[in-house]
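In what follows, a single structure is set out as structure tokens and then discussed.
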Amino acid sequence: MEEVSGRQDWHELAPFIATTKVPIVLQFATQACVLCPDASKRINELMKTHHFIWHYMDATISELAEELEVTKLPAIAIIHSAGRYRLYQQLRGDDVDKAIDAECERRLVLDEDF
């Protein structure tokens, strides 16, 4: 997970978005959010089974969180391009899994049963 520190807006992220071929999962969270660590654990596990890049942004200082109207944590934005993204908020239970499974391609995982 890479932390996107300080204040950044959409236009500052656009050049990075243009260079990646996989979606970006941008997690919005705060230190005070009691459910955010569970969302982080789920995202970390899903990195093993899905293709995406994970970034973290503190929702309390993020201009992008304000622009996207993030109001309920934990939240993730799954970004395919500057013009194509989807925001998921108030994630509970397996909501993180469902969002990433719907938006991100699965990795080929070979196990002993293969």
query = What single numbered condition from (1) more than 24 Å from THR20 (Cβ to Cβ); (2) touching a strand residue (DSSP E or B) at 6+ places or on another chain (Cβ under 8 Å); (3) free of Cβ contacts under 8 Å to residues at least 24 places away in the same chain fails to hold for LEU110?
reply = (2)
ask   = Would you say VAL96 is without any contact (Cβ under 8 Å) to a residue 60 or more places away in the chain and either touching a Pro at 6+ places or on another chain (Cβ under 9 Å) or at positive phi (or both)?
value = yes
task = Just name the residue that is nearest to the chain's Cα centre (by Cα) out of those in the range 32-66 that are farther than 18 Å from ASP97 by Cβ and without any contact (Cβ under 8 Å) to a residue 12 or more places away in the chain.
result = GLU66
request  = Take the range 56-106 and flag every residue that is surrounded by 13 or more Cβ atoms within 10 Å (Cβ to Cβ) and touching a His at 6+ places or on another chain (Cβ under 6 Å).
outcome  = ILE100, CYS104
task = Name, by its number, the condition in (1) under 13 Å from CYS104 (Cα atoms); (2) modelled with pLDDT under 90; (3) not polar (S, T, N, Q) that does not hold for ALA18.
result = (1)
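The values are calculated or read from the model by the stated rules, or taken from the named source; none is laboratory data. Since the model is a prediction, treat every value here as computed from it, not as a measurement. Neighbour counts are summed over all protein chains in view; Cβ atoms, including those assigned to glycine, are modelled from backbone coordinates with ideal geometry.
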